[in-house]
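Novice: The structure that follows is given in the form of C-alpha cells.
Read-outs throughout are calculated quantities, based only on the coordinates presented, and are distinct from any laboratory measurement. All values derive from a computational prediction rather than experimental measurement.
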C-alpha cells in the first residue's frame, strides 16, 4: 500500500484531529475529577463530620452540573473527531482495505 503525499490542507485537518484529541482528554480528566469530588470526597467528609451535611448537599449539586457539562463536551468532541477523521483518512489512505 502506497500512501499519498500530504497536502497543506490535509496537515491542517490532521492538526484539527490532534486538537480534538487534546480537548477530549482534558474534558475526560476534568469530568472524572469533578465527579470524584462530588460523589466520593464530599460525602466522605460529610460522613466523618468534618463537613456539615447541609453544606455537603449544597456543594454537590453544582459539581454534578459541571460533570454533566463535561460528559456532554466529551461526547460532542468525540463525535466531531470521528466525523472529521472519516473525512480526512480516505484522502491519506486511498485504499483502506486491501
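Novice: Does anyone have the angle between helix 8-36 and the longest principal axis of the chain? Alpha-carbon axes, 0 to 90°, nearest 10?
Specialist: 20 degrees
Novice: Normalised by the residues of the stretch 26-90, what does the relative contact order come to in percent, with Cα pairs under 8 Å and at least six apart?
Specialist: The value is 44 percent.
Novice: What does the extension gain come out to for residue 47 and residue 8, with contour length at 0.36 nm per residue minus their alpha carbon separation?
Specialist: 8.3 nm
Novice: Which residue, 77, 29, 12, has the most motion in a Gaussian network model of the chain that connects Cα atoms within less than 10 Å?
Specialist: Top of the fluctuation ranking is 12.
Novice: Out of these labelled values of mean projected area of the Cα convex hull in nm², (i) 7.5; (ii) 12.0; (iii) 8.2, which was calculated from the coordinates shown here?
Specialist: Given (i) 7.5; (ii) 12.0; (iii) 8.2, the structure-derived one carries the label (iii).
Novice: Helix 53-92 sits at what angle to the longest principal axis of the chain, using alpha carbons and giving 0 to 90 degrees rounded to 10?
Specialist: 0 degrees
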